[in-house]
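Have a look at the structure below before the remarks.
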């Protein structure tokens with residue numbers, strides 16, 4: 001994962017179709033986060049390790065997750 005502060009993006013490497021890897025740039029702002037799942041969601045369709053981009057909006061004085069986009073499954077760097 002790398003961060004470009006000038007462009008406000010984070011670049012993550014994901015696995016597609018179980019074998020191919022590719023880098024995805026994700027634009028971030030003050031109400032968008034990228035999370036790596038630790039527990040399954042959506043009836044097990046998204047397993048731990050999937051990266052999701054969550055956009056929040058303010059509703060009744062609270063931040064509420066409004067849009068969740070799946071970016072792929074995280075690629076873990078090898079341990080030294």
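Points worth noting:
- Which listed residue, of 38, 43, is surrounded by fewer than 10 Cβ atoms within 10 Å (Cβ to Cβ), modelled with pLDDT of 70 or more and assigned to a loop (DSSP other than H, G, I, E, B): 38
- The set of residues in the range 13-30 being at pLDDT 75 or above and under 20 Å from residue 56 (Cα atoms) consists of 25, 26, 27.
The values are calculated or read from the model by the stated rules, or taken from the named source; none is laboratory data. Predicted, not measured: the structure shown is a model, and the values here were computed from it. All Cβ positions, even for glycine, are placed from backbone atoms using ideal geometry, and neighbour counts span all protein chains on display.
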